[in-house]
Each structure stands twice: as structure tokens, then as C-alpha cells.
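I have placed the structure first, in the form of C-alpha cells, so that the comments after it can refer back to it.
The values are calculated or read from the model by the stated rules, or taken from the named source; none is laboratory data. Computed from a predicted model, the values in this text were never measured in an experiment. Positions of Cβ are generated from backbone atoms using ideal geometry, with glycine treated the same way; all protein chains shown enter the neighbour counts.
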Amino acid sequence: MKASRKKKRRKVQVPIASMGDIAFLLIIFFMLLSEFSKEKDLAIDLPRSDQVNKTEVVVVARVAMTADGAIYFDGDRVDNAKDIEWGVRALLSKTVADEQRHVQFKCDAALSKEKFEPVLKAIAEGGGIIEAVGENQ
């Protein structure tokens, strides 16, 4: 009979002293690459009305239009209203409750109805509930 030989396994030490350094470097890396603010400063003169009421709803997205007709979705400029519809649809794909479907919309007071109406329609077709922003007179 042959004697069975068992191989002895060496225990390998894993150096964990540098794991803390790696973790802090990753944290710093992601902090530097992250966006600190989604809302960019846009020069928008809000419309004034006596019928403006302050609401306390949580909005999932923000859409803004400047006086020259530029459209912004969560601070990033988009090309047209169809991009707004798809962006809202993607954000709301997993939401069911109405309180999770509010989209804040603000546009410049000088903007004509023909320019901002397609954006309102895109928000509605994407499944969003429009929360218009204005100022009291």
C-alpha cells in the first residue's frame, strides 16, 4: 500500500494595513467627481400672480426654460421637449404613488405660450404631475 501524502498548505498573510489608505483614496476620488449641486443658476424672471400658493411636495425632477427658450432638465441643457418626456418617464418608471410624481416647472415670464406648452405636454405624457413655479405680486 502506498502511504497517502497530504500536502501541507501554507497560510498566506494578506496585508491589510494599506486597505484604509485605499478606502480613503476612493472616497476622495468619488467626492471630487460627484456633482455638488444639480441646480445651476439660471437667470429666470418668474411670472407673478395672486393665485400662487406655496406647496410642500417633494419633486423628483426640475424643468426650467430661460427667456431665449433654452430647456434645462435637472440643471442640464436638453435639445427639445421629447428629451424631457423621456427623462421624466425614466425617472418615474418605478413609482406608483402620486406624491412621487411631481415635476417642478419654471419658465421665464417673457416666454410665449407656444414655446413652453410643448414642454408642459411632454412632462404630462411622461407621467409627471406639474408643479409650476411663480411669484406672488
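Structural remarks
- Residue list for segment 93-118, restricted to those being modelled with pLDDT under 85, under 21 Å from the mean Cα position of the chain (by Cα) and farther than 20 Å from Lys82 by Cβ: Lys94, Thr95, Val96, Ala97, Asp98, Glu99, Gln100
- The single residue among Ala132, Ala110 that is among the small types (Gly, Ala, Ser) and either without any contact (Cβ under 8 Å) to a residue 60 or more places away in the chain or in contact with a His (Cβ under 7 Å, 6 or more places away or on another chain) (or both) turns out to be Ala132.
- Among the residues making up segment 71-107, those that are in a strand (DSSP E or B), more than 22 Å from Val58 (Cβ to Cβ) and of a type in the set (A, V, I, L, M) are Ile71, Val78.
- Counting only residues that are in a helix (DSSP H, G or I), surrounded by fewer than 19 Cβ atoms within 10 Å (Cβ to Cβ) and touching a helix residue (DSSP H, G or I) at 6+ places or on another chain (Cβ under 8 Å), segment 108-137 holds 3 of them.
- Just one residue in the set Lys38, Lys82, Lys7 is modelled with pLDDT under 80 and either out of contact with any strand residue (DSSP E or B) (no Cβ under 8 Å at 6 or more places or on another chain) or surrounded by 12 or more Cβ atoms within 10 Å (Cβ to Cβ) (or both); that residue is Lys7.
- Failed item, numbered, when Asp68 is tested on (1) in a loop (DSSP other than H, G, I, E, B); (2) surrounded by 12 or more Cβ atoms within 10 Å (Cβ to Cβ): (2)
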